[in-house]
Structures are given as structure tokens and as C-alpha cells.
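To start, the structure itself, in C-alpha cells.
Only the coordinates and a few stated rules stand behind these numbers; no lab work does. Because the structure is predicted, anything quoted here is derived from the model rather than measured. We place every Cβ from the backbone using ideal geometry, glycine too, and count neighbours over all the protein chains shown.
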Amino acid sequence: MSTTVSILLFAGLADRIGTSFLTFNVPTLPLAAGDLKLLLSEAYPDAQSQFEMAFVAVNQEYALADQLIQPGDEVALIPPVSGGDGLGEEQRQALSEDGQCLITHDVLSVEQTMAKVHHANHGATLAFVGTTREMTGAQRTITLDYEAYIPMALKEMNQICTEITARWNGALCAISHRLGTVGIGDTSVVIAVSSPHRDDCYHASRYAIEQLKRTVPIWKKEIWDDGSEWKGHQTGPWDPVTRQ
């Protein structure tokens, strides 16, 4: 007997299918995540390559191919990330439970993000600030437009902060990311890290931005004079499940 799965779609995958929310008929539940991708590829052959690259998320966590989707699970298809907003006008921002991670439509504050990692026994503090550049080679960018799967993005950002504290001698991390339209020279992400010693601070800061671009479901669309394109993972096979 057939049943249905409700699936959240994002970025270029949502554009290709023509919706950000899909009610999809499947033969039965439970159903393996990998089998769901195969069924979707058969139903939407024009998007087959995008489904093959995407990861299934179940209840806001990346799922392996053999993980079973149960009735009532929250299911999303996550295309390759790059590091519709999900926040309505009445909700301009969302915070992780501990307040260390922020997703917002508003202008980011480097100082407020750095204040979250201040510690009397930490002698080093670094802030990574990502901004919109105008030229990439010969291509001129007009603006960037950011979209996120917000609850899962906050969970992944918080996981990065937790890993940094465990790996680098109690280092602290805070991450703020902006959504919506971000103009040339404007800040899209701030990552603040503090630690007792500077070497740990340097390594942890680099780890944070690399993990954010690899695992956090935030996408950016580059808007040019003559078109636009969603940008995803650029550095080879995409595997957000294996922690680096």
C-alpha cells in the first residue's frame, strides 16, 4: 500500500523541482534513505544528477544510505553546501540553545560574536570575517543571496563549536551567519575563537570555517549582471557525514 513522505528541498534542487516542499508517494515505510533518492531520481529524471549528489537528512541529521525513514520523520534533501531563508519577517534571527551560534537577516557584529568567546584565561582570540567579493576571475558579482535549513544549520554549527572545545584544550568558538541578500563588501559570516595559546587558536579557526563550508546546510546564490548560480561544495567529493 502506497504512502507519502514530506520532503524539504533547498537551493538549486528546489529551483529544479519547482517547489521547496514535496509530498512524494513511496511504496512503503520504513524506507531506506538511499532508496528514497533512487525513487526521486526515477520520478524527476531531469534532476537525477542533483539527487545523486544530495544527502538525505532525517530529523535534522545527515543520514547514511541504509538509514530507515519512519512515518512522521522530518526529511530533507541537502544539496552540496557552500558555507528561501526559512526565517519570516516576524523572526529576524535564530540562536542555538547556548547562544553561541546565530543565523540572522540582520547585519552581523564582529564585536558581539567575539564577546561570546571572551575568557579570562585565554590569551588568544581570533575573528574570521567572510565578506562578499566583487570579482571572481573575470566574473563580476552583484550580490550574494543566502538560504539555510535553519534548525539543522544551527545544530551543525553548534557541533563544530563542541568539537573545537574538545580538540583544542578548551578553546571556545562562536559562529554567526547572515541570510538573505549580502552586498559587495558586506559580512556574511563571523567565526570567533579563543584559546589559552595562539597556535590552538589558529588551527581551531581554520577548522571552523572549513567544517562550516562542508557540513552546515547553508547555500549561496551568486547574482551576476547576466544571470545567477547556486554555489555548492567546490573541492571534490562531498561527504558531510565523516567528521574531519
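Treating the beta-carbon of each Lys and Arg as +1 and of each Asp and Glu as -1, no other charges, what is the dipole magnitude of the chain about its Cα centre, to the nearest 20 debye?
Numbers: 17 positive and 30 negative charges, 124 e Å.
For this selection, approximately 600 debye.
Which one, C201, T162, L8, projects farthest toward the positive side of the charge dipole computed for the chain from Cβ point charges (K/R +1, D/E -1)?
Farthest along the dipole direction, towards plus: C201.
Computed FRET efficiency, Cβ-Cβ of A127 and T28, R0 51 Å: what is it to the nearest 0.05? Let's see the in-between values first.
Details: r = 51 Å, r/R0 = 0.99.
It comes to 0.50.
At what distance in nm do the modelled label points of W224 and H118 sit from each other, each positioned 7 Å from its Cα along Cα→Cβ?
Inter-label distance under the simple model: 4.5 nm.
Using only the alpha carbons of region 1-132, determine the length spanned along each of the three principal axes and report them from longest to shortest in whole angstroms.
61, 29, 29
Net charge near Q139, counting Lys/Arg +1 and Asp/Glu -1 over other residues with Cβ under 12 Å of its Cβ? Before the final figure, lay out the partial values.
Details: positive: R133, R140, K231; negative: E134, E222, D225, D226, E229.
Within the 12 Å Cβ shell, the charges total -2.
Work out from phi, with θ = phi - 60° and the Karplus expression 6.51 cos²θ - 1.76 cosθ + 1.60, the ³J(HN,Hα) of each residue of region 3-14, listed in order in whole Hz, and give x for Gly and Pro.
Couplings: 9, 10, 10, 8, 10, 7, 10, 9, 6, x, 5, 5 Hz.
I need the phi-derived Karplus couplings for region 205-215: 6.51 cos²θ - 1.76 cosθ + 1.60, θ = phi - 60°, integer Hz, Gly and Pro marked x.
Running phi through 6.51 cos²θ - 1.76 cosθ + 1.60 with θ = phi - 60° gives 5, 5, 4, 4, 6, 5, 5, 4, 5, 9, 10 Hz.
Ratio of the chain's C-alpha Rg to 2.2 N^0.38 Å, to two decimals?
Numbers: Rg = 18.8 Å, N = 244, 2.2 N^0.38 = 17.8 Å.
After normalising by residue count via 2.2 N^0.38 Å, the value is 1.06.
Can you list the cysteines of the chain that have no other Cys Cβ under 4.7 Å away?
C101, C201
Quick check on the chain: helices-only [θ] at 222 nm, where DSSP H runs of length 4 and up contribute -39,500 (n - 2.57) each and the sum goes over total residues. Nearest 500, please. Kindly include the intermediate steps, with their values, before the conclusion.
Working: 6 runs with 66 residues, N = 244.
The helix contribution divided over the chain gives -8000 deg cm²/dmol.
When we measure straight from the Cα of K231, which lysines land under 28 angstrom away, once same-chain ones fewer than 8 places off are left out?
Output for K231: K37, K155, K213, K220, K221.
Of S228, V241, Q48, which is farthest on the positive side of the dipole of the chain, counting Cα position, with +1 on Lys and Arg Cβ, -1 on Asp and Glu Cβ, and the Cα centre as origin?
My answer, from the dipole projection, is V241.
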